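Heads up, the thing below is written out as structure tokens.
The values are calculated or read from the model by the stated rules, or taken from the named source; none is laboratory data. Nothing here was measured: the structure is a model prediction, and the numbers come from that model. Virtual Cβ from ideal backbone geometry, glycine too; neighbours counted across all protein chains shown.
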Amino acid sequence: MSLLKWCDEGPATVPVEATVEDAIQTMIDKAVGAVAVIDEHGIVAGMFTERDVLAKFALSGRDPRAAPVREMMSSIVEMATEATTPSEALQVMLERHYRHMPIVDEQGKVLGICSIRNILEARVDDLLAQLDKERPKQEIEG
């Protein structure tokens, strides 16, 4: 199954010229925890996440209406492609402590943003069934 099918509808993006306020408002409007910051060609330049709001912006004393998101965004180390499997994406996100990973085409243009939540929600029924099978027998009988 394509990782892109598990993503939220329409990727949350802001242009590289956007302000922190623009990025936060986009996250609120789309009910997501991250936005891809894209250049004028639609290529991912970075990610701005809830963690960036807390770690880089919250105590900076800067005005969110004036602070450029490009100064607060996280550089992208890993991006997924349409060929990336959900398990590969989840493994990278867990190893690198990412909660969001952009999915890009061959040119680096953002197609979607996958979160750990997206993957877990897609697999929750399987996970619940597995957990029920692993419950100790006495707990079930008790």
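Couple of notes before you dig in:
- Residue satisfying all of: in the stretch 47-98; of a type in the set (Gly, Ala, Ser) and part of a strand (DSSP E or B); nearest to Ala36 (Cα to Cα) among these: Ser74
- Candidates Val20, Val14, Val69 - the one that is under 15 Å from Ile113 (Cα atoms), more than 13 Å from the chain's Cα centre (by Cα) and buried (at least 19 other Cβ atoms within 10 Å of the Cβ): Val14
- Flag for Thr49 being surrounded by 15 or more Cβ atoms within 10 Å (Cβ to Cβ), farther than 23 Å from Leu4 by Cβ and modelled with pLDDT of 95 or more: no
- All of Val44, Val124, Val77 fail the test of being modelled with pLDDT under 90 and either of a type in the set (Phe, Trp, Tyr) or under 30 Å from Glu17 (Cβ atoms) (or both), apart from Val77.
- So Met27, is it modelled with pLDDT of 95 or more, surrounded by fewer than 20 Cβ atoms within 10 Å (Cβ to Cβ) and under 17 Å from the mean Cα position of the chain (by Cα): yes
- With respect to the conditions (1) at pLDDT below 95; (2) closer than 21 Å to Gly10 by Cα; (3) of a type outside the set (A, V, I, L, M, F, W, C); (4) surrounded by 17 or more Cβ atoms within 10 Å (Cβ to Cβ), Glu106 falls short on a single one, namely (4).
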